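The values are calculated or read from the model by the stated rules, or taken from the named source; none is laboratory data. Remember, predicted model here, so these are calculated numbers, not experimental data. Positions of Cβ are backbone-derived with ideal geometry, glycine not excepted, and every protein chain shown enters the neighbour counts. Quick note on the areas: whole protein, heavy atoms, side chains included, nothing else; ligands and nucleic acids left out. Shrake-Rupley method; radii C 1.70, N 1.55, O 1.52, S 1.80 Å.
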Amino acid sequence: MRMEESGYGCWQYPRKMEIRALFGMSLPELTEMMAAMGQKPYRARQVFEALYKQRVSGVMEMTTLSTGLRGELEAGGWMVGLPEIVQTATSVDGTERYLMRMADGETVETVWMPDGDGGERGDGSEAAVEEAGETETAEEAVAGMKTQIPFGNDNQRGESFWDRRGNGRARSNFGTLAENGFRRATICISSQVGCAVNCQFCLTAKLGIKRNLTAGEIAGQVAAVLNRHGIQIRKDRINLVFMGMGEPFLNYDSFMKSVKLLVEGIGIPESRMTVSTSGILPGIEAFAKETVRPKLALSLNASNDVVRERIMPITRKWDIAALLEAVQKIPLRTREWVTFEYVLLGGVNDQPEHANEVLDLLVGMRAKVNLIVWNPGPGIDYVQPKPGDVAVFQKMLIEGGIATYIRRPRGRDIYAACGQLKRTVSEPELVMIGAAV
């Protein structure tokens, strides 16, 4: 499904020497390219497998190709073209935040969360089943206590290292994550350099928008992180969330192409992916028609248009009623639920009257709510909600029949949590830069 012309035309062999990325090309595009080079279609499949299954870093690593063909690719200016991890920040909870540099020098941020943040709970997916029973109190969510335990300290995590690893599988089926004591991991991916939506509580909004990422740059973030951690796709359980920098539905074609590359190429099922949108109506309508698509999370963040317009100006274009109408037209899969994300801002949208309005909005929908305690950032004049207010809000929604969870803050001390990504490049070393928070 396409919202607009993406600019992909017939492939042409470059007449001048220029650097061109293979990563991001689909199998049909590679087939066309190989045909133009006088090669048979099976060569395209070999390149596709090398790029996405083997996750090679360079053309010369494509050992299924002849030495001559690899040389011809390099002579033609072709490279794999994965984003480069140029800086890393490591949180006390094991979360890692990466500054990713693209070929043109632009940078975005990507986040690695061992054991995830609980965002999939209750959405009906396999990932949700894995997270069943993992809970967090309002006090822990506000303070970030559970996730600020030093990495690897199993006794303080409340369960043993041996209980955590492998999801009950035989040792021979352990992947890299299980060997390190984790059930799964989540990668948070960016879709744009900056963001144009201008949510008032989000650090990324301060960047403005520079440009869209290509499909290869979006999926390439995943490949770069998988390579860094030596992940084995068939053994390790990886969840993906398109919740980093940018609004995916304002870069719809590249986002959806990256999804297909991740599913068909790298091998991560779409049921383990979630895309978050601030509420781009044409994007939601196009998304409803896709046959291969991630789960949807709508950033609601307010119970009425007055409040939402103040904290999310995009509401002036598409109000809550229009968004909910579009969401209800999405043909949900068996056991699939739509997630509504709700960032709690102290004294703004966190009171009982707001909870009652949320219940009125979502009545009758196959919906769950993820409450997100606002993560502080410099230059943003909001405050965190009181733990008691968070607890009351959650209780009211649950008693009203809406499955409601408090999402665990991950990497808050390094500005890696929800709403904190900001292309931090001023610090020479991104380690504990946000410890004061």
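Pairing each residue of segment 388-404 that is under 19 Å from Gly347 (Cβ atoms) and in a helix (DSSP H, G or I) with any residue that is among the small types (Gly, Ala, Ser) and open to solvent by 40 Å² or more (accessible area, probe 1.4 Å), provided the two are 6+ apart or on different chains, yields C-beta distances under 9 Å for Asp389/Gly347. Grab the strands (runs of 3 or more DSSP E) fully contained in segment 262-374, keeping just those with 3 or more residues being at pLDDT below 95. Output list is empty.
Once segment 279-294 is narrowed to residues that are of a type outside the set (Asp, Glu) and open to solvent by 10 Å² or more (accessible area, probe 1.4 Å), the residue that is nearest to Asp319 (Cα to Cα) is Leu281.
Would you please list the contacts, defined by Cβ atoms under 8 Å and residues six or more apart or on different chains, that run from a residue in segment 240-257 that is polar (S, T, N, Q) to a residue that is modelled with pLDDT under 95 and part of a loop (DSSP other than H, G, I, E, B)? Hits for this filter: Ser254/Ser6. Taken together, the residues in segment 20-68 that are open to solvent by 40 Å² or more (accessible area, probe 1.4 Å), part of a helix (DSSP H, G or I) and touching a residue at least 60 places away in the same chain (Cβ under 8 Å) amount to 2.
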